[in-house]
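Chemist: Mind having a look at this structure? Questions to follow.
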Ligand code: F0G
C-alpha cells in the first residue's frame, strides 16, 4: 500500500492503542541525503548524510510528534490543544488541529518567531497569543493551563510527541541497515534528542541495529545543558532553539551520556556558516537546523573527533523557508537590468551578440 504516514508505517513499535484513527498529513518518510562535498570539505574519508526533516508537511520534524499527539487528543475526546512554541511546534499543532477539527491555541515569544512559522500558524487557523517573555515563560503558562483544564498540552512533555518523533531513528536504521556511528542534532527543549535515543535503543533491542553516539548541539547564548544551569535570557540567531530551561534536559543529558556522545555549544557565526555550507550542497535549512553540522565541524577542527571511516547523520530539523529574513538580511539583492535584450546579453555574456 502507498505511504500513509508514520503511524501507519510504525504502529507496531509505538505505545498507541491498536484501533486509533490516525490524524495524519502523511508526515515522515523524509530523505536521507548523502552530502559527500561537505564530507570532502571536512577532510573526507567518511560518510555524511542529512536527514532532511524540513521536508515534512509543515516544514519541520514536529509533524512526526504532532500526528501522534493529535491522534490521541482526538481519540480521548479532547476539544482544544495548546502549546508554547518558538514557531515550528505552533505551525505543526495548528495544521494537525485543523485536520482533526480541534481548536488550537499557541503561545509564542513576541518578536522572536521566524516569519514562515508565524505565517504557518496563521494560515492553519490557530489562535495565537504572544507574550513579551521567553519560550520558557510561555511553556510554564501552557503547562499550568493544561493541568487545570481539559485542554491537551501538545508540547514534547506530552509522551505521544516522543512516540511519534522516535520514528525518525527507525527510518534512519531502515535506510542504512543499522544505526549510524554518530547522530548530530540541535537541542532546544530537548524532546527530539530524547525521542531519537528512545527510538534507537528500542530498535536495537528488537532488531539489533546498534546504537549511535549522539552529539547534541546548543547555541552558545542558549546552552543551559552545557553550562549546567538555566539561562535566564537566552539569545541566539537560531530562534528555534532559543530556550533557557529545556523541559527534557535531564533526558537529553542521559541520552548523551548513555550513547557515549556529548552535548556542546557553538556560536551563532558557526551556525550560520554551517547553514551556508549545507545550502552549497543544495539543502537550505533554518539556522537551528544547521547546529548539528556546526557542532560536528567544531569537534573535527579542534581535533577532539576523527570522523575517518565513520557514518555520520546530521538531523536537519526545519526548512530554510521557515526563516527567510535571516537570508534576506545578508543584503544580497538581485541584479537589476532594463527590459532590453542587448543589456541582458551584455551582462550575462560580457558583450554584444553578433
Ligand atoms: N530545530 C528546530 C527547527 C526546532 O524548531 C526545534 C524546536 C529544535 C530544533 C529543537 O528541538 O526542542 O526537541 O530539542 N522547536 C520548538 C518549537 C521548541 O516550539 O517549535 P527540541
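Chemist: Give the residue that is nearest to residue 90 (Cα to Cα), with candidates limited to residues of the stretch 113-144 that are assigned to a loop (DSSP other than H, G, I, E, B) and touching a helix residue (DSSP H, G or I) at 6+ places or on another chain (Cβ under 6 Å).
Modeler: 126
Chemist: How many of the residues making up the stretch 283-342 are within 16 Å of the ligand (Cβ to nearest atom), surrounded by fewer than 24 Cβ atoms within 10 Å (Cβ to Cβ) and part of a helix (DSSP H, G or I)?
Modeler: Summing the residues that are within 16 Å of the ligand (Cβ to nearest atom), surrounded by fewer than 24 Cβ atoms within 10 Å (Cβ to Cβ) and part of a helix (DSSP H, G or I) in the stretch 283-342 gives 6.
Chemist: Kindly indicate whether any position in the stretch 276-286 is over 19 Å from residue 317 (Cα atoms) and touching a strand residue (DSSP E or B) at 6+ places or on another chain (Cβ under 6 Å).
Modeler: no
Chemist: Further, regarding this structure: Considering each residue of the stretch 169-199, count those that are within 7 Å of the ligand (Cβ to nearest atom), closer than 12 Å to residue 53 by Cβ and assigned to a helix (DSSP H, G or I), and give that number.
Modeler: Residues flagged as within 7 Å of the ligand (Cβ to nearest atom), closer than 12 Å to residue 53 by Cβ and assigned to a helix (DSSP H, G or I) within the stretch 169-199 amount to 1.
Chemist: Here is a follow-up. For the stretch 194-203, indicate whether the set of residues that are out of contact with any strand residue (DSSP E or B) (no Cβ under 9 Å at 6 or more places or on another chain) and within 25 Å of residue 275 (Cα to Cα) is non-empty.
Modeler: Yes, because at least one residue in the stretch 194-203 is out of contact with any strand residue (DSSP E or B) (no Cβ under 9 Å at 6 or more places or on another chain) and within 25 Å of residue 275 (Cα to Cα).
Chemist: Output the strands (runs of 3 or more DSSP E) that fall wholly within the stretch 30-93 and possess 3 or more residues being under 19 Å from residue 147 (Cα atoms) and either touching a residue at least 60 places away in the same chain (Cβ under 8 Å) or away from the ligand (no atom under 11 Å from the Cβ) (or both), or say none.
Modeler: Hits in the stretch 30-93: 80-84.
Chemist: Residue 67: buried (at least 24 other Cβ atoms within 10 Å of the Cβ) and out of contact with any strand residue (DSSP E or B) (no Cβ under 9 Å at 6 or more places or on another chain), yes or no?
Modeler: It is true that residue 67 is buried (at least 24 other Cβ atoms within 10 Å of the Cβ) and out of contact with any strand residue (DSSP E or B) (no Cβ under 9 Å at 6 or more places or on another chain).
Chemist: I've got another one for you. Just checking, does the stretch 263-282 include any residue being out of contact with any helix residue (DSSP H, G or I) (no Cβ under 8 Å at 6 or more places or on another chain), outside any helix (DSSP H, G or I), free of Cβ contacts under 8 Å to residues at least 40 places away in the same chain and surrounded by fewer than 19 Cβ atoms within 10 Å (Cβ to Cβ)?
Modeler: Yes, there is a match, as at least one residue in the stretch 263-282 is out of contact with any helix residue (DSSP H, G or I) (no Cβ under 8 Å at 6 or more places or on another chain), outside any helix (DSSP H, G or I), free of Cβ contacts under 8 Å to residues at least 40 places away in the same chain and surrounded by fewer than 19 Cβ atoms within 10 Å (Cβ to Cβ).
None of the figures in this text is laboratory data; all of them are computed from the coordinates on show. Note that the coordinates shown come from a computational prediction; the quantities given were computed from them, not determined experimentally. Quick reminder, even Gly has a Cβ in these numbers, built from the backbone with ideal geometry, and neighbours come from all protein chains shown.
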